[in-house]
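First up is the structure itself, then whatever we jot down about it.
The values are calculated or read from the model by the stated rules, or taken from the named source; none is laboratory data. The model shown is predicted, which means the values in this text are computed figures rather than measured ones. Every residue, glycine among them, receives a Cβ derived from its backbone with ideal geometry; neighbour counts consider all protein chains shown.
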Amino acid sequence: MRLFLLSLILMLAACSEQEPNQQSAAETNAAKIQSEAIDSVASETVRLNSWFDEQYAEQLDFSPQTKTRLGDKSDYDSLNDYSIAGSDEQLRWRRQSVAAMQADFDYSLLNKDGKLSYDMWSYSLDRAEAGVPFRQHGYIFGRGGPHASLPNFLINYHRVDDVSDIEAYLSRLGELDRVFGELLDRARSASRAGIRQPAFAYDFAMTEIDRVTSGVPFTPNDSSPNSPIWTDIQGKIEALVETDLISSDQAQSYIAQAQEILVGEVMPSYQEILDWLEQDKAFASEISQGAWALPDGENYYNYRLAQMTTLAFTADEIHEIGLAEVERLHLAMEEIKNAVDFEGSLQDFFIFMREDDRFYFPNSDEGRQDYLDLNNEYLDAITLKLPEFFGRLPKAQLEVRRVESFREQAGAAQHYASGTPDGSRPGVFYSHMSDMTTLPIFQLEDVAYHEGSPGHHMQISIQQELTGVPKFRTQYRTTAYTEGWGLYAEWLAKEMGAFEDPYSDFGRLSGELWRAIRLVVDTGIHAQQWGEERAVQYFIDNSAQAQGAIRSEIQRYITGPGQATAYKIGMMKFQELRGNAESALGNDFDIRTFHDVVLGAGALPMPLLESRVDRWIEEVQSNLN
């Protein structure tokens, strides 16, 4: 009996010892499996990111001009291939790249950020494929076309630091006739297919060409002023002489080469474009018509709306959103009108704001400088408040400048040009200042925040400075995100303490109203067959915008279908995502973290941005539990 009890005790003891040992082994095995899974995810994501960087380097080889804008001097002597064959080759490359990604990488093994990069790379191909049927629909030699943008590129982006750089500049000058020839072939092909811009856009392009080619060396008269590109070439060559990198004799040799190229090659190319514009204009409609009048125009406009907004809205839905927003903003403007004791209707207030001299700087050099100085004052003040609303701040510098004379357009929209990722070239906020009556002071503060900080300069600079993500994501752009953020930034600036002056606050509302009106008139023009005058009159009746600016804006919408809808649709999406996060997190919502989340992945398509914000909300809630 004792022996039996002893055996039983030993057996139970053994069992009691074995159970925790077995449990410990199971836990160890589970931990090992989990660790291996984490390592697999990390390894697959790292491998994919490395592959993306290789692919992006290949992609950049298609665009020497993009390399230059990024501060990369490889292929510095070349311009892009603008031929149809070149476009076809890029599309083939995209298809092969996405197919290789799908074959070589396991989506399930990627972490969340890796999956986001994977989705963005696929989305880029989808966008390119969707545009194939409409490659002829974009107006090439319209306002701001390559006839103006290429000289602007050479002047503002092609840096000359040494002898090889000026030789690359001359090589690029020599490429202009090839590029213009490729683009002219495409424009002729589109015209034969019945795709022509309105007559006013032909006139606009011819005027721009005249500004580029007026003066020495294009104009034989020695008393003529220098053309913009000649001024640029001479300045860059003289700088090399001043730094003793070349002799005066070498400088004269380079100047002679530049003159020979400009007079012998570039000017004849411009003349060929001018001749075609004059001839083709005879077939263009004097009545400004929208996308509906083009071959397959309805599908083209739907494609443009999808490309610009990255969301599935119909033209009718966007039109109705615009009408509702115009009504809402009018009510808010009534409150300001009453607060400043203005007697009269809102329409009377619009006229007062549009026409009273107190709201405009003089149309003089002093007035223009005062305008630039006031922009800088507002931007300096808002910069001090950024740390209260953002954890991540940009390093890049910002400059406020007048647009160069050869591409300046009275009443045209102010705009931002990004700097280089390494900070060697600052971001620039450009303003068209030939007619100061199109630049009301009450809107100055609002535009400064949109183009500068916390708007485009901040968003794009932060994106370019991102680390730990594939390089393509630092340069990826979607219009709804970029312009939506700019408009959201105007709204946010009010929360940050800006717009203390009621007239400036009216300007803020005017800026948002301007974008709401765009929803109405863009869809009106391109889907509902509105004429130019009807669109202009709607804008005048519903805003305080200067009439010169309104005309310029409407003509811009006519020649660029859908682009104008991205601003308000994008802004409303940012507001929706923030509202969702505030509702879900309550007191645990942190504005700085939210902004870092939406700015920390690049300019995403809106559905991918929404998924990113939703994941962040879930993570915060999980950590709280």
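Scan segment 208-229 for residues that are part of a helix (DSSP H, G or I) and either out of contact with any Pro (no Cβ under 6 Å at 6 or more places or on another chain) or not hydrophobic (A, V, I, L, M, F, W, C) (or both) and the total you get is 6.
In summary, residue 157 fulfils each of the numbered conditions (1) in contact with a Lys or Arg (Cβ under 8 Å, 6 or more places away or on another chain); (2) of a type in the set (Phe, Trp, Tyr); (3) closer than 30 Å to residue 250 by Cα; (4) surrounded by 17 or more Cβ atoms within 10 Å (Cβ to Cβ) with the single exception of condition (4). Considering 366, 404, the condition of being surrounded by fewer than 16 Cβ atoms within 10 Å (Cβ to Cβ), among the charged types (D, E, K, R) and in the same structural domain as residue 335 (by TED's automatic domain parsing) is satisfied by 366 alone.
Strands (runs of 3 or more DSSP E) fully within segment 319-437 that include at least 3 residues being of a type in the set (A, V, I, L, M), touching a strand residue (DSSP E or B) at 6+ places or on another chain (Cβ under 6 Å) and more than 30 Å from residue 152 (Cα to Cα): none found. Considered as a group, the residues in segment 221-271 that are surrounded by 12 or more Cβ atoms within 10 Å (Cβ to Cβ) and of a type in the set (Ser, Thr, Tyr) include one that is nearest to residue 161 (Cα to Cα), and that residue is 254. Considering only segment 581-602, I want to know if a residue exists there that is among the basic types (Lys, Arg) and either assigned to a loop (DSSP other than H, G, I, E, B) or in contact with a Lys or Arg (Cβ under 8 Å, 6 or more places away or on another chain) (or both). Checking segment 581-602: not a single residue is among the basic types (Lys, Arg) and either assigned to a loop (DSSP other than H, G, I, E, B) or in contact with a Lys or Arg (Cβ under 8 Å, 6 or more places away or on another chain) (or both). The number of residues in segment 575-625 that are small (Gly, Ala, Ser) and more than 25 Å from residue 309 (Cβ to Cβ) comes to 2.
For the residues 279, 259, the requirement of being polar (S, T, N, Q), touching a residue at least 12 places away in the same chain (Cβ under 8 Å) and in a helix (DSSP H, G or I) singles out 259. Checked against (1) free of Cβ contacts under 8 Å to residues at least 60 places away in the same chain; (2) closer than 30 Å to residue 193 by Cα; (3) β-branched (Val, Ile, Thr), residue 273 passes all but condition (1). When 330, 415 are screened for being in contact (Cβ under 8 Å) with a residue 12 or more places away in the chain and closer than 28 Å to residue 208 by Cβ, only 415 passes. Of all residues being of a type in the set (S, T, N, Q), assigned to a loop (DSSP other than H, G, I, E, B) and more than 15 Å from residue 300 (Cα to Cα) in segment 518-561, which is modelled with the lowest pLDDT? Just the residue, please. Per the stated criteria, the residue is 545. The residues in segment 238-274 that are among the small types (Gly, Ala, Ser) and within 19 Å of residue 208 (Cα to Cα) can be counted, and the count is 1. For segment 443-494, a tally of residues being out of contact with any Gly (no Cβ under 8 Å at 6 or more places or on another chain), in contact (Cβ under 8 Å) with a residue 24 or more places away in the chain and among the charged types (D, E, K, R) returns 3.
Quick one: in segment 102-137, which of the residues that are touching a residue at least 60 places away in the same chain (Cβ under 8 Å) and polar (S, T, N, Q) is farthest from residue 295 (Cα to Cα)? Step by step, filter segment 102-137, then rank; the result is 111.
The single condition among (1) in the same structural domain as residue 175 (by TED's automatic domain parsing); (2) assigned to a helix (DSSP H, G or I) that residue 292 does not satisfy is (1). Checked against the criterion of being closer than 22 Å to residue 196 by Cβ and surrounded by fewer than 22 Cβ atoms within 10 Å (Cβ to Cβ), segment 594-601 contains not a single residue that satisfies it. Residues in segment 69-89 that are over 23 Å from residue 184 (Cβ atoms) and touching a helix residue (DSSP H, G or I) at 6+ places or on another chain (Cβ under 7 Å) were compared, and the one that is surrounded by the most Cβ atoms within 10 Å (Cβ to Cβ) is 69. Looking across 476, 481, one residue alone is over 14 Å from residue 374 (Cβ atoms), within 14 Å of the chain's Cα centre (by Cα) and not in a helix (DSSP H, G or I). It is 476. Of the numbered criteria (1) over 29 Å from residue 501 (Cα atoms); (2) in contact with a Gly (Cβ under 7 Å, 6 or more places away or on another chain), the one residue 408 fails is (2).
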